[in-house]
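The values are calculated or read from the model by the stated rules, or taken from the named source; none is laboratory data. On a predicted model such as this, the values are computed, not experimentally measured, just so you know. Here Cβ is always computed from backbone atoms with ideal geometry, including for glycine, and neighbour counts include all displayed protein chains. Ligands, DNA and RNA are excluded from the accessible area calculation, which covers all protein heavy atoms including side chains. Shrake-Rupley method; radii C 1.70, N 1.55, O 1.52, S 1.80 Å.
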Amino acid sequence: MRLGLKGLTFLLLLVLLVLCSSICLCDARSGKHWRRSRATSTSMLRKGKPKSSSSHKQNGKGIQNPYQPSPSTSPVSPSRSPVHGKGGQGPTMPTPGGGSGCTVPPPPLLQPPPPPSPPAEQDTVFNVVDFGAKGDGVTDDTQAFEAAWAAACKVEASTVLIPSELEFVVGPISFSGPYCKPNILFQLDGTILAQTSARVWGSGLLQWLEFTKLTGIAIQGSGVINGRGQEWWTYSDPNDDDDDDAFRVELDKMPQIKPTALRFYGSSNVTVTGITIVNSSQCHLKFDSCQGVMVHDLTISSPENSPNTDGIHLQNSREVNIHHTNMACGDDCVSIQTGCSDINIHNVNCGPGHGISIGGLGRYNTKACVSNVTVRDVNMFKTMNGVRIKTWQGGSGLVQGIRFSNIQVSEVQTPIIIDQFYCDKTTCRNQTSAVAVSGVQYENIRGTFTIKPAHFACSDNSPCSDITLTGIQLKPVIVPQYHLYNPFCWQAFGVLYTPTVPPIACLQIGKPAGNSVLSDGDLC
């Protein structure tokens, strides 16, 4: 009888155990504990509970999706956040009464596709050496430069690198748009040498290194562009017994058309900074039909007697800023030609050279327009002219809105010039029409001169008007080869706001009779 009761009791316990297992399994399937567990887990994270050792990164590469499979199949420690998916274990669900609970797999979850892998970064630096350039100062590296540019042209914000401590011989080359990507950087740290073979130049070219129809083009670095202009400036002497030298023979073959060293055409947002340009055969740096130009911390150098070697030449360009630049050359440090407006030049050293000039304008009876030019905080040393406006007879148009301020001159031949009879020949034909000049301010121009303090030679038909002089203090320096002259004025009208040293009494106070020049609406 006792054995029967024990067996019956054991059987009842076994039935209860089976029923308990069925209830847990049903509750787990119904999702009650699963939902409660997720809410508890979120609450724990917000309250600063320890996160999983595989906490999810949120910074691009390596983002860990909590719904992606875990690489590990080992059991998860109870103190770490669960990892769901293939190969991982489900959470341990506590019973409502705090018992041991039942361990069940979570319901299947939809797994979103993994995020796309970030694209591989495209190389944006194109070193000319990698394209075959030797940089030995002898080998012609033109093709390597062309190839590097062709590759960089296809990539926005790319860099063409000319590495330091190498010398690259390059012939005439055009780095051309308009289909190039914007914001290309030409990082010049080495030296670029011009070709000296007459065969390369043919009958003559107008430029050597040219950048055309580009947006956001920049040249920067500590490198040098060497035009080797000595090959063009020097000519052999037929009476020289040593004239059969191969160098002299090659020199005789150089064409008469000499190239500009560095030219930008039809481009916008142009920057040139840091580099040095030396010994160009003609103009060193030219901007033609450009908008938004910034030139600073530049050095330009060529001998005082090198012919027509302007420092910076501007034509049909606007919004140009040139500052903190040193220029020594054989012609104008800065030449401003027709079609230029909104030009700002400041903190510039000029000398030797021909000063800073607007013009010559109106040659061959053409129309010329220049407006809104400021030249300030400039030092000039032993230049032919200081600040100058020059126009040819027979031209038309207008120069207006010009300001020359804080110009320090030292042994400058003629610091202040307006010349509407400009002629670079022995004689020029007299003509009545001229490019009008109006609204020119001269402020705080001081220092020394060697020939004449001021020269205003204006047209009878188009007198100069609205010239203002303030703080002019110029003292003569006797130089044996020069003769000193007094200030000169012809048909120049304006105002003396302060006494000048020396007195410029020849300036006519007021406006020209009728002021007929400025009433012409077709000036510009």
I'd like the full set of residues that are over 21 Å from Thr309 (Cβ atoms) and either open to solvent by less than 10 Å² (accessible area, probe 1.4 Å) or in a loop (DSSP other than H, G, I, E, B) (or both), limited to region 344-366. Gly362, Thr366
Looking only at region 376-390, decide whether some residue is open to solvent by 10 Å² or more (accessible area, probe 1.4 Å), more than 25 Å from Pro503 (Cβ to Cβ), without any contact (Cβ under 8 Å) to a residue 24 or more places away in the chain and not β-branched (Val, Ile, Thr). no
So, of the residues in region 121-166 that are under 23 Å from the mean Cα position of the chain (by Cα) and assigned to a strand (DSSP E or B), which turns out to be surrounded by the most Cβ atoms within 10 Å (Cβ to Cβ)? Ile162
Could you name every one of the strands (runs of 3 or more DSSP E) located completely within region 445-503 that has at least 1 residues being of a type in the set (D, E, K, R), out of contact with any Leu (no Cβ under 6 Å at 6 or more places or on another chain) and surrounded by fewer than 16 Cβ atoms within 10 Å (Cβ to Cβ)? 473-476
Output the residues belonging to region 167-195 that are among the small types (Gly, Ala, Ser) and either outside any strand (DSSP E or B) or at pLDDT 95 or above (or both). Gly171, Ser174, Gly177, Gly190, Ala194
Specify the residue that is modelled with the highest pLDDT; the eligible residues are those in region 111-137 that are farther than 11 Å from Ala147 by Cα and among the aliphatic types (A, V, I, L, M). Val125
Would you check if Gln408 is under 28 Å from Ser302 (Cβ atoms), touching a Lys or Arg at 6+ places or on another chain (Cβ under 9 Å) and of a type outside the set (Lys, Arg)? yes
Test for Asn308: is it within 26 Å of Met384 (Cβ to Cβ), in contact (Cβ under 8 Å) with a residue 24 or more places away in the chain and surrounded by fewer than 20 Cβ atoms within 10 Å (Cβ to Cβ): yes
When region 281-301 is examined, which residues are found to be in contact (Cβ under 8 Å) with a residue 60 or more places away in the chain and polar (S, T, N, Q)? Ser281
Within region 306-329, track down each residue that is over 15 Å from Thr374 (Cα atoms), in a loop (DSSP other than H, G, I, E, B) and not acidic (Asp, Glu). Ser306, Pro307, Asn308, Thr309, Gly311, Asn316, Cys329
